[in-house]
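The values are calculated or read from the model by the stated rules, or taken from the named source; none is laboratory data. This structure is a prediction, so every number in the text was calculated from the model and none was measured. Neighbour counts run over all protein chains shown; Cβ positions are idealised from the backbone, glycine included. Keep in mind that these areas ignore ligands, DNA and RNA; they rest on the heavy atoms of the full protein, side chains included. Shrake-Rupley method; radii C 1.70, N 1.55, O 1.52, S 1.80 Å.
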Amino acid sequence: MRQLTYDGMPIPGLNDLVRTAIRLHPAPGEPRPDESHFGGPLLWPSDEPWPECPVTWPPDPDASDDAWLGGHPLDEPVPAMVSAAQFFRDDFPELPFPEGTDVLQILFCPLDHNSPYHQGPAVRLVWRDSGEVGDIAVPPPPPEDAKADYLPEPCVFEPCSIDELPRLCDFPPETRAALGIPEGASEDPEGWPELDQYSKIGGWTPWYTTDRDDLGCRDCGAELRQTIALSTVEHEVGCGCEVAEDEPAGWSFARQDVLNIFTCPTDVTHPVKVRID
Ligand SMILES: [Zn+2]
Ligand SMILES: [Zn+2]
Ligand SMILES: [Zn+2]
């Protein structure tokens, strides 16, 4: 392995900084409601209301998950959400699942919303016990003014695993202190492996266009952790697998960026944060 150093100094605890991400390798397909996918049918019970956008104005502090600067006025119909992704625990045991649940469902409000950090779809995460779902809901059509960029084509996954190292801004405080990294320094050490853009579970955030900022949990203060990356493009790098199509889901976030979902390591049901980077 290449010697990785900072300013000529060996990096303490380098092996502990490695995170093994599950690269999803989405490919166009026809997933069923009981399969993991992007943009396919959700295993959503017909007797449960279909979710609406959580970003309303005035804001609902219990429903909204980021520092949105505006939202859908509550005196008008609030848009219905669309299926963005579904992950079963059997396929992705690396994901955090609250006790008694075995499927994670991700929904988008396919319109633009403004946060201090980005403009993009609103995101809602729902965990459930698949065994409790009887009849499956027929989803309402997407809102008429939905952005095509936020309506994914159905994809199935051909996952593989890939080891990743963090960017300098994600080094733990003790590593920064041991190396004497000055406050505010963000340049990666020379020869540091690049983090490329692809959809994945776990791993580290590439931080291409935005800065790492304000990622404390709103409920408990713990530092939120990179959990799911939904990428516009699938770079053919890093893992050695072939990429059949570089934009299989057909979605596009900001300037062909990655929509990163951060969850709380203490309790995954605490409010998530999203950064498009
Ligand atoms: Zn919305
Ligand atoms: Zn928390
Ligand atoms: Zn791969």
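Can you pull out the residues in the range 39-77 that are touching a Gly at 6+ places or on another chain (Cβ under 9 Å) and in a loop (DSSP other than H, G, I, E, B)? Residues satisfying the conditions are 39, 40, 46, 47, 53, 54, 55, 58, 59, 60, 64.
Yes/no per residue for (1) small (Gly, Ala, Ser); (2) open to solvent by less than 50 Å² (accessible area, probe 1.4 Å); (3) within 24 Å of residue 253 (Cα to Cα):
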| position | (1), (2), (3) |
| --- | --- |
| 68 | no, yes, yes |
| 72 | no, yes, yes |
| 76 | no, no, no |
| 80 | yes, yes, yes |
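Taking first residues from the range 91-105 that are in a strand (DSSP E or B) and partners that are of a type in the set (Lys, Arg), the Cβ contacts under 6 Å between residues at least 6 apart in sequence or on separate chains come to 103/128.
Just one of (1) open to solvent by 20 Å² or more (accessible area, probe 1.4 Å); (2) within 16 Å of ligand 1 (Cβ to nearest atom) fails for residue 109. It is (1).
Of the candidates 182, 142, 159, the single residue that is open to solvent by 50 Å² or more (accessible area, probe 1.4 Å), within 16 Å of ligand 3 (Cβ to nearest atom) and not charged (D, E, K, R) is 159.
Residues checked against (1) under 17 Å from residue 136 (Cβ atoms); (2) under 17 Å from the mean Cα position of the chain (by Cα); (3) modelled with pLDDT of 95 or more; (4) not basic (Lys, Arg):
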| residue | (1), (2), (3), (4) |
| --- | --- |
| 22 | no, yes, yes, yes |
| 33 | yes, no, yes, yes |
| 56 | no, no, no, yes |
| 59 | no, no, no, yes |
| 64 | no, yes, no, yes |
| 74 | no, no, no, yes |
| 92 | no, yes, yes, yes |
| 103 | yes, yes, yes, yes |
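Residues in the range 113-127 that are open to solvent by less than 30 Å² (accessible area, probe 1.4 Å) and more than 15 Å from the chain's Cα centre (by Cα): 113, 115.
Screening residue 48 on (1) away from ligand 3 (no atom under 16 Å from the Cβ); (2) buried (at least 17 other Cβ atoms within 10 Å of the Cβ) shows it passes everything except condition (2).
In the range 133-141, the condition of being assigned to a strand (DSSP E or B) and either under 24 Å from residue 263 (Cβ atoms) or of a type outside the set (Ser, Thr, Tyr) (or both) is met by at least one residue.
Considering 217, 264, the condition of being surrounded by 22 or more Cβ atoms within 10 Å (Cβ to Cβ), within 16 Å of the chain's Cα centre (by Cα) and under 20 Å from residue 62 (Cα atoms) is satisfied by 264 alone.
Screening residue 173 against (1) open to solvent by less than 70 Å² (accessible area, probe 1.4 Å); (2) without any contact (Cβ under 8 Å) to a residue 40 or more places away in the chain leaves a single unmet condition, (1). Confirm whether residue 61 is within 16 Å of ligand 2 (Cβ to nearest atom) and without any contact (Cβ under 8 Å) to a residue 12 or more places away in the chain. Taking the combined requirement at face value, the residue satisfies it. Among the residues making up the range 238-260, those that are open to solvent by less than 40 Å² (accessible area, probe 1.4 Å), away from ligand 1 (no atom under 16 Å from the Cβ) and aliphatic (A, V, I, L, M) are 243, 249, 258. Of all residues in the range 13-39, those satisfying the criterion of being surrounded by 13 or more Cβ atoms within 10 Å (Cβ to Cβ) and touching a helix residue (DSSP H, G or I) at 6+ places or on another chain (Cβ under 8 Å) are 17, 34.
Determine, yes or no, whether residue 90 is surrounded by fewer than 16 Cβ atoms within 10 Å (Cβ to Cβ), on the phi < 0 side of the Ramachandran plot and among the acidic types (Asp, Glu). For residue 90, the condition - surrounded by fewer than 16 Cβ atoms within 10 Å (Cβ to Cβ), on the phi < 0 side of the Ramachandran plot and among the acidic types (Asp, Glu) - is met.
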